[in-house]
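Undergrad: Have a look at this one.
The values are calculated or read from the model by the stated rules, or taken from the named source; none is laboratory data. Keep in mind that this is a model prediction, so the values were computed, not measured. No Cβ is skipped: glycine too gets one built from the backbone with ideal geometry, and neighbour counts run over all protein chains shown.
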Amino acid sequence: MRRAIQFCESRVTWWKEQAQRRSPTSPHLAEGLVAYAAEQAAIEHQRVLSWTEHWAAVRQRAVLILGQHLNNQEDSVDIPVLEVEIEDEDHDEDLMFDLDDA
């Protein structure tokens, strides 16, 4: 997810650059292109914020587990069970899974 978030961040910058890339002859077309690029940048930015928020718990848990593994302290810290809800945009129901079962 870190890479997906970074990609979306790069798309925000890319869309902002696209706003000034073309120099159309019509001022109405120029305004429309700038508005479209701004809208796309805002969508990507919202995706970054959403994914960062939704995956924060998973990232925190991964840091804890990796820290234990790197220090060879597998049994020294009790790691709580983490449940993650993933909303599937194509379906109304939420998918649930337990990371300890994975």
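Undergrad: Is it the case, given these coordinates, that residue 69 is modelled with pLDDT under 80, surrounded by fewer than 14 Cβ atoms within 10 Å (Cβ to Cβ) and either in a helix (DSSP H, G or I) or among the basic types (Lys, Arg) (or both)?
TA: Answer is yes for this residue.
Undergrad: If you take the residues of segment 8-27 that are of a type outside the set (S, T, N, Q) and at pLDDT 90 or above, which of them is nearest to the chain's Cα centre (by Cα)?
TA: First pass over segment 8-27, keeping only residues of a type outside the set (S, T, N, Q): 8-9, 11-12, 14-17, 19, 21-22, 24, 27.
Retained after the next criterion (residues that are at pLDDT 90 or above): 8-9, 11-12, 14-17.
Details: 8: 7, 9: 9, 11: 12, 12: 12, 14: 16, 15: 17, 16: 18, 17: 21 Å.
In this case the residue turns out to be 8.
Undergrad: Taking segment 34-66 only, how many residues are in contact (Cβ under 8 Å) with a residue 40 or more places away in the chain, out of contact with any Asp or Glu (no Cβ under 9 Å at 6 or more places or on another chain) and either in a helix (DSSP H, G or I) or surrounded by fewer than 12 Cβ atoms within 10 Å (Cβ to Cβ) (or both)?
TA: Residues meeting the conditions: 4.
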